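Take this structure, written in structure tokens, and hold onto it; I'll ask about it next.
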Amino acid sequence: MGGILVVAEHLRGNLSAQTGEVIGLARELKAAVGGPLVVAVIAADPVRFHAELALDGVDEVLAVEAGEHFDPAVYEEAAHRLALEMKPRLVMLGHTVNGMGFGPALAVRLGGSFVSDAFGVEAEGGRLLALRGGYGNKVLTKIDVSASCVTTLMLRGGSAKPPPAGSAPLRIVPLDLQAAAVRAAEHRDYVDPPPADVDITKAEFILSVGRGIQDEKNIERFRALAERLGATFGCSRPIADSGWLPKAHQVGLSGKVAQNCKLYIALGISGAVQHLHGMKHVETIVAVNTDRNAPIYNVATYGATVDLFELADALEREFN
Amino acid sequence: MQTRELFSQFSPFAFGMFYLIAIAAMAAFVVGLAQHILRYRRGRPAGVPVDWRGGLRLMLDDVVTHRTLSRRDPYAGAAHRLIFFGFATLFVGTSTITLEYDIVKPLTGQTFWKGWFYLGFSLVMDIAGVMLVAGLVMMIARRAWFGLAKLDYVRRYRGDTAPLPRATAWKVEDWVFLVTLLLIALSGFLQEAVRLIVDRPPLSDLSPVGAALGGLLSGLGLDAAGAAAVRRANWWIHGVLALSFIAGVAWTKGKHMVAAFGSLAVRDSRSVARLPAVAEGDPVGVTRMDDFSWRDLLHFDACTKCGRCHDACPARNSNYPLSPRDVILDLRLLAQSGDGAADPHHVIPPETLWACLSCGACAEICPVGIEQPVKILKMRRALVDKGEMDPTLRGVLETVANVGNSFGEPARKRGAWTRELEFPVKDARKEPVEALWFVGDFASFDPRSQTISRLVARLFNAGGLDFGILFDGERTAGNDIRRVGEEGLFEALSAHNGAQMAQSAFDWIVTTDPHSLNTLRNEYGEAVKGRKVLHYTNVLADWLESGRLKVTKPLGRRVTYHDPCHLGRLNKEYDAPRRVLRAIGCELVEMPRSRDNSFCCGAGGGRIWTPDPPGVEKPSHGRMHEAAALGNIDIFVTCCPKDLTMFEDARKASGHEGDFLVADIAELVAEAVELRAIPANYLPELANRIAESLAEKVTARVVPELIQALAAQSGRLLVAPPVLPAAEPTDIAAEPAVVDAVPAASGEWSVAPVAPAILADYDRPAKTGLRILVAVKHVGKLGDEFRFRPDGLDVVPEDLDYQLNEFDETAIEAALQLVEGLGEGEVVAVTIGSEEAEPSLRKALAKGAHRGVRVWSDAVSPADPIAVAALLAGVASLEAADLVLTGVQSSDFANGATAAALGGILGWPHAAVVVEMQWDGKGRLDITRELEGGVRHRQSLPAPAVLSIQSGANVPRYATMRMIKEARSKPVADAAMEAIGAEATGRRVAAMDRPPVGQAAMLEGSAAEIAARVAAIVREKKGG
Ligand SMILES: Cc1cc2nc3c(=O)[nH]c(=O)nc-3n(C[C@H](O)[C@H](O)[C@H](O)COP(=O)(O)OP(=O)(O)OC[C@H]3O[C@@H](n4cnc5c(N)ncnc54)[C@H](O)[C@@H]3O)c2cc1C
């Protein structure tokens, strides 16, 4: 009884990078929580992921054979069975699209505590406090999960580092997942985003705009500004959702990650987690937002609380 | 005694024949007239008061002086004057003969058309004939050779290069009209000439033209016999032409001769400034021709196609797809088809309607008093009602409905601009003031305009004006909201502002915003109660002239002044700003288009909220060129916050940055009176002053800010530091049904699956078809300033602004589209929240959900998605729902968990982050989830199911105020919670705090300084 159960995630044969991060935090908490750190992977050929999951600090890798594609009913059922067997103090998974798909359902079947989109856990004096945001990440909240015998915790991407490789053994766990069949999803296919003439992943210098630009009619102006500065033109999700710019310009979790970017200028972007996901690693970030409390400032190198239109005017003059 | 014999040498048959034709012509005229009048009567009420007596007097005045026709086109005015008076005299003359011959003589045997009266009559008629011919020839010349753009019906503004067939027909009609009249006049003279040749009366009947023409014809060899023959034939030609003209009046361009009188007589002196209201029970907008009012229908017929509006329209001038003339003409064609049910939107496309700036330039110059913008606006109302509008505009309307301003700022920040002032500004709701300053959105929130507002406040203060503002009680006045066509929202805004004003004691209203001024003055009615609504330029002009403000430094600048449409044209305030400029020693150089012909900046009619179509030249740019062409202007002066914004932008964008400055008139006045203001950031002195003067209210207002400023420096607020509570949260209400506390870690490991909460049954319709639940949340949003509660568990409630979770809007839309697509089904909006959450539930109903359910229990924290899901599960079970949708996450706590938790509790299939969904209502659901990186995963699920819908899956519809009002009567059930398991509750925040201060190095200084830093960073990174 006790310990931490991590549920791994994978897509089209590739392990999700976030799984390593979740294991990273779990390893840090091991001492405070007590018990083993067990990682479960649910897939058609789960054994394949053994090496990748046997990271330092992991005590055992559990392989559950099921369908290849993510199905919330199956994940929920499998994780539930494993938890019943292992009786862990913490069940951890990534706060990802698939994580959102089954994590909360698992939590309600286990009862106990639940924290989604957590970005850390403080362990002090036997107490466990999960950290998460609130009010659009303008505040930090702490949720006390010490009192529950089990807590389901979904970890925000980028909140921890994957540990180095380790040598945990593999155990194949045969599970009868029939109970999930009535609720099961049927896989159809994956559709990749259409090819586009911008590539956020390759750009070294990006100028992105968010809802702060207010109006579709301002798009052209900022596109021209980006061009003048020699930057690739990026945007936040609402800009793409509204059809003001093609989806290919979107930076963030459900858009593109600015992998090669060295300089990122964010104009009128609040800095929602999902946006930060795509750019917070950039070496130099300049954020312009009239709201001094906007979460974007938590990742920015430079910030300015100036009206972005005034700044655009001035920048246009600078780069004339 | 001298007279002339009518019908000389007529056979009884010819005589009878003529009367038959004449009576038929008159009958045609009367029938036509009656038909038109009957058609007008089918229209709706005018919607504005009609002042018949004043209107008639004004109409006569306009007709006699021909004032409206001569404006900006004296040639056409002169020509029309000749035609009108010539024609009118001939008409009266002919009627006089009829009066004697057909009425007076048969009845009394008396005659008067003889002797000197007859001779004088003949002379007058000859002169009138000459006038008519001269006027017609002038008009013909104008059409044939002047090449006037306004008489060209080709819709170049739409990219056409050839006239439409109907425009060609109009052109033919114009010519036929002129030529027919000319032929009638000329044949009249010919008739006179041949009669004089045959009859040779003494003094040639005092008909100089006839006599001269007769002489000419005789000289050309026409003898008496020939003349008699011509006389017989030409009599019929002249008579039949004249009678056909009469018969055709009602059906041709001639009808303006009647309709224009009517239109002028029912003119609204405040047209466009005051828009017609929608009567209770009437449709909101025009979707059928008989939704137009009788005045509108009359206006269509009054149009003479003179093209003055086409010339004046700033939209047309800037290549927007609109010509007010063509709108009226197209609507007229449809009106004349007589089909009251015809939809005018089939002939006037939406992009035309949205192009209007409602600046009133067209109505101002229309010689016959047509109110083109009013027709456009009524049609816009229908578009808004159906939600057919630009998404940007829709967003603005939603924002205004939510927070009361178009900037999306919380109401409590409306008065924030006053904080930098060194004196307190009174709250007019709390203490009586002489002048209530209605500030308006731009002047309250736009940073550039805020500096003007502060200057004006300082000027008012310097002049000793006792003024106050409504602070967070003020909302957008609604002028532009109304002009966009959102009548319901306008009503709501004016009712709100009216109520705030009713609570306040003041003598008059002042504003810097002409748009607010217009609606307050002309459309607020009862709320303003006959009190004066002044523009700040009125106040400043009086003060500068009376010495209440002293000019110590006359500016001596060469300036030009732009009349704001809503101040000048719509409210006839042309002089006050000019008086101000004169008083401060500026040399005013007028632009060619000034005063009533001022050229709109392009922001009116809500256009500031709508993206411009491609290919237009912004009106504001044209205006900049116009000002630059004056040569050597120092300053382009405005006195409207929107103008300032528009022209500041335009000056730079149109390449006139080096030519002149754009400034608000208050800035010039401040300079001329050498207004000394305490620098806003000079806090120590301000603090001293507070201590000295002990002005209580100042203290009350400034101290919290000082505290905040200090707190910001130390990184923490000066409130009690959040104490981390011991094991148990302190504020769990004792609910009998709640089993206490979850087993501690030390106890046995056990699972406690969450069960649906048990709810008391509530009223709901029997289930007859598909039932879709949509979970909606009332979410709190923090602005850029906030404080924590003393217990450190949450923020201070007042610092939260609440609204419907934006992600839920997408879910509502998805549900509505599903039932609309299937043609059956019920959408039920469910919220878990206290009574305060009702507005968001109502908003969901306004968008189209059929009914609402609200559940609440103090045992539940709205930040706990599991407890929320347990309550939702209770509702879903009672409702026997077929599908439950939620937003992908709520924007406050962003758990992204409600859908899956609910699915888990119910044991239903579920999916998160769904961007597409297809369902026939019976079998499996086809869904597409959007994964990381934009990859889409397509799956199918059995029903019933729970889905969370991702933003961007659709464009949520706009809830018009009408829909919002209707939503008030939609049923909402308050479901009482009877029991909830302990395992479902108890997750609470243990502490709330500011996130660790980010590492960002803040760049300070002016925009230019910051830009220079950013530029340096960019250059370094790129060059390095
Ligand atoms: C599963 C999922 C995936 C998502 N994926 C992405 C993603 O890939 N990328 C992404 O961006 N979002 C994503 N989102 C959405 C995300 O949660 C936010 O809604 C979004 O990022 C907010 O965009 P924004 O910052 O442009 O808008 P807002 O949050 O509305 O912020 C606008 C900001 O502009 C500032 N501002 C306004 N006016 C001015 C001015 N005049 N001058 C300066 N500043 C001004 C305001 O202070 C505000 O901070 C996702 C959400 C979910 C649930």
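The values are calculated or read from the model by the stated rules, or taken from the named source; none is laboratory data. From a predicted model like this one, the values you see are computed outputs, not experimental measurements. Cβ: placed from backbone, ideal geometry, glycine included. Neighbour counts: every protein chain shown. Only protein heavy atoms, including side chains, enter the accessible area calculation; ligands, DNA and RNA are left aside. Shrake-Rupley method; radii C 1.70, N 1.55, O 1.52, S 1.80 Å.
Are any residues in the stretch A:215-256 of a type in the set (G, A, S), within 23 Å of A:E318 (Cβ to Cβ) and within 7 Å of chain B (Cβ to nearest Cβ), and if so, which ones? Spell out how you get there, then give the answer.
Filtering the stretch A:215-256 for residues of a type in the set (G, A, S) gives A:224, A:226, A:230-231, A:234, A:236, A:240, A:242-243, A:248, A:252, A:254-255.
From what's left, within 23 Å of A:E318 (Cβ to Cβ): A:224, A:226, A:230-231, A:234.
Of everything in the stretch A:215-256, just one residue is of a type in the set (G, A, S), within 23 Å of A:E318 (Cβ to Cβ) and within 7 Å of chain B (Cβ to nearest Cβ), namely A:G230.
With (1) away from the ligand (no atom under 16 Å from the Cβ); (2) modelled with pLDDT under 95; (3) out of contact with any Lys or Arg (no Cβ under 9 Å at 6 or more places or on another chain) as the list, and B:N954 as the residue in question, which single condition is left unmet?
Only one criterion is unmet by B:N954, namely (1).
Does B:G887 satisfy being within 28 Å of A:D241 (Cα to Cα), within 16 Å of the ligand (Cβ to nearest atom) and touching a residue at least 60 places away in the same chain (Cβ under 8 Å)?
yes
Got a number for residues in the stretch B:141-152 being open to solvent by less than 30 Å² (accessible area, probe 1.4 Å) and within 17 Å of B:F177 (Cα to Cα)?
3
In the list B:D296, B:D301, B:D268, B:D290, which residue meets the criterion of being of a type in the set (D, E) and outside any helix (DSSP H, G or I)?
On inspection, the qualifying residue turns out to be B:D268.
Checking the structure you have, find out if any residue of the stretch B:987-1004 is at the interface with chain A (Cβ under 7 Å from one of its Cβ atoms), in a helix (DSSP H, G or I) and at pLDDT 85 or above.
We begin by selecting, within the stretch B:987-1004, every residue at the interface with chain A (Cβ under 7 Å from one of its Cβ atoms); these are B:987, B:989-995, B:998, B:1000-1003.
Right, trim to in a helix (DSSP H, G or I) and you get none.
Checking the stretch B:987-1004: not a single residue is at the interface with chain A (Cβ under 7 Å from one of its Cβ atoms), in a helix (DSSP H, G or I) and at pLDDT 85 or above.
Hey, another quick one. Would you be able to tell me the number of residues in the stretch B:604-633 that are at pLDDT 90 or above, part of a loop (DSSP other than H, G, I, E, B) and surrounded by 18 or more Cβ atoms within 10 Å (Cβ to Cβ)?
Within the stretch B:604-633, residues that are at pLDDT 90 or above, part of a loop (DSSP other than H, G, I, E, B) and surrounded by 18 or more Cβ atoms within 10 Å (Cβ to Cβ) number 1.
Oh, and also: Can you tell me which residue is nearest to the ligand (Cβ to nearest atom) among those in the stretch B:923-946 that are part of a strand (DSSP E or B) and within 7 Å of chain A (Cβ to nearest Cβ)?
Ranking the candidates gives B:E930 first.
Follow-up. Within the stretch B:873-884, how many residues are open to solvent by 10 Å² or more (accessible area, probe 1.4 Å) and under 43 Å from the mean Cα position of the chain (by Cα)?
1
How many residues are facing chain A (nearest Cβ under 10 Å) and in a loop (DSSP other than H, G, I, E, B) when one looks only at the stretch B:899-922?
3
May I pose another question? Can you tell which of A:A26, A:A32 is in a helix (DSSP H, G or I) and modelled with pLDDT under 95? Write out each step before concluding.
On the way: A:A26 fails: modelled with pLDDT under 95.
One residue alone meets the criteria, A:A32.
A follow-up question, please. For the condition away from chain B (no Cβ under 11 Å), under 16 Å from B:H937 (Cβ atoms) and touching a residue at least 12 places away in the same chain (Cβ under 8 Å), what is the one hit in A:A63, A:A43, A:A79?
A:A43
Please list, ordered by residue number, the helices (runs of 4 or more DSSP H) wholly in the stretch A:179-284 having 1 or more residues that are among the basic types (K, R) and within 11 Å of the ligand (Cβ to nearest atom).
Result: A:237-241.
Of the numbered conditions (1) more than 8 Å from the ligand (Cβ to nearest atom); (2) farther than 17 Å from A:P193 by Cα; (3) more than 9 Å from chain B (Cβ to nearest Cβ), A:A304 satisfies every one except a single condition; which is it?
The single condition A:A304 does not satisfy is (3).
Answer yes if at least one residue in the stretch B:379-392 is hydroxyl-bearing (S, T, Y), open to solvent by less than 30 Å² (accessible area, probe 1.4 Å) and in contact with a Leu (Cβ under 8 Å, 6 or more places away or on another chain), and no otherwise.
no
Ok, one more. What residue, among those in the stretch A:261-284 that are within 17 Å of B:E1020 (Cα to Cα) and more than 8 Å from chain B (Cβ to nearest Cβ), is surrounded by the most Cβ atoms within 10 Å (Cβ to Cβ)?
A:Y264
Further question: If A:V173 meets every condition in (1) open to solvent by 40 Å² or more (accessible area, probe 1.4 Å); (2) more than 8 Å from chain B (Cβ to nearest Cβ) apart from one, which number is that one?
It fails just one condition, (1).
Related question: Please note which strands (runs of 3 or more DSSP E) are completely contained in the stretch A:96-165 and include at least 1 residues that are within 7 Å of another protein chain (Cβ to nearest Cβ).
A:113-118, A:127-134, A:139-144
Now a separate question. For the list (1) surrounded by fewer than 24 Cβ atoms within 10 Å (Cβ to Cβ); (2) outside the structural domain of B:L178 (by TED's automatic domain parsing); (3) touching a helix residue (DSSP H, G or I) at 6+ places or on another chain (Cβ under 9 Å), I need the number of the one condition that B:I246 fails.
Only one criterion in (1) surrounded by fewer than 24 Cβ atoms within 10 Å (Cβ to Cβ); (2) outside the structural domain of B:L178 (by TED's automatic domain parsing); (3) touching a helix residue (DSSP H, G or I) at 6+ places or on another chain (Cβ under 9 Å) is unmet by B:I246, namely (2).
Hey, another quick one. Looking at (1) more than 9 Å from chain B (Cβ to nearest Cβ); (2) open to solvent by less than 20 Å² (accessible area, probe 1.4 Å), can you tell me which one A:P194 breaks?
With (1) more than 9 Å from chain B (Cβ to nearest Cβ); (2) open to solvent by less than 20 Å² (accessible area, probe 1.4 Å) applied to A:P194, the lone miss is (2).
While we're on this one: For B:A829, state whether it is closer than 18 Å to B:R957 by Cα and away from the ligand (no atom under 16 Å from the Cβ).
When the stated conditions are applied, B:A829 passes them.
Another one. Name the residue that is nearest to the ligand (Cβ to nearest atom), counting only residues in the stretch B:795-816 that are open to solvent by less than 40 Å² (accessible area, probe 1.4 Å) and facing another protein chain (nearest Cβ under 10 Å).
B:T810
Matching residues to (1) surrounded by fewer than 23 Cβ atoms within 10 Å (Cβ to Cβ); (2) in contact with a helix residue (DSSP H, G or I) (Cβ under 9 Å, 6 or more places away or on another chain); (3) part of a helix (DSSP H, G or I):
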{"position": "B:I481", "(1), (2), (3)": "no, yes, yes"}
{"position": "B:A492", "(1), (2), (3)": "yes, yes, yes"}
{"position": "B:N497", "(1), (2), (3)": "no, yes, yes"}
{"position": "B:Q500", "(1), (2), (3)": "yes, yes, yes"}
{"position": "B:G530", "(1), (2), (3)": "yes, no, no"}
{"position": "B:L534", "(1), (2), (3)": "yes, yes, no"}
{"position": "B:N538", "(1), (2), (3)": "yes, yes, yes"}
{"position": "B:W543", "(1), (2), (3)": "yes, yes, yes"}
{"position": "B:K553", "(1), (2), (3)": "yes, yes, no"}
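So, of the residues in the stretch B:323-350 that are of a type outside the set (G, A, S), modelled with pLDDT of 95 or more and outside any helix (DSSP H, G or I), which turns out to be farthest from B:D152 (Cα to Cα)?
Per the criteria, the residue is B:D343.
Another question about this same structure. Taking the stretch A:55-95 as the region of interest, how many residues are part of a strand (DSSP E or B) and either more than 16 Å from the ligand (Cβ to nearest atom) or surrounded by fewer than 24 Cβ atoms within 10 Å (Cβ to Cβ) (or both)?
10
In the stretch B:311-324, what residues are in contact (Cβ under 8 Å) with a residue 60 or more places away in the chain and open to solvent by less than 10 Å² (accessible area, probe 1.4 Å)?
Answer for the stretch B:311-324, where residues must be in contact (Cβ under 8 Å) with a residue 60 or more places away in the chain and open to solvent by less than 10 Å² (accessible area, probe 1.4 Å): B:P314, B:A315, B:S318, B:Y320, B:L322, B:S323.
Applying the selection to the stretch A:285-301, what residues are within 8 Å of the ligand (Cβ to nearest atom) and open to solvent by 30 Å² or more (accessible area, probe 1.4 Å)?
The answer is A:T290, and nothing else.
Between a first residue in the stretch A:306-320 that is in the same structural domain as A:I269 (by TED's automatic domain parsing) and of a type in the set (A, V, I, L, M) and a second residue that is assigned to a loop (DSSP other than H, G, I, E, B) and near the ligand (Cβ under 9 Å from one of its atoms), which pairs have beta carbons less than 7 Å apart while being 6 or more apart in sequence or on different chains?
A:L308/A:G268
In addition: Right, A:A181: under 30 Å from B:W749 (Cα atoms) and surrounded by fewer than 19 Cβ atoms within 10 Å (Cβ to Cβ) or not?
Spelling it out, A:A181 is indeed under 30 Å from B:W749 (Cα atoms) and surrounded by fewer than 19 Cβ atoms within 10 Å (Cβ to Cβ).
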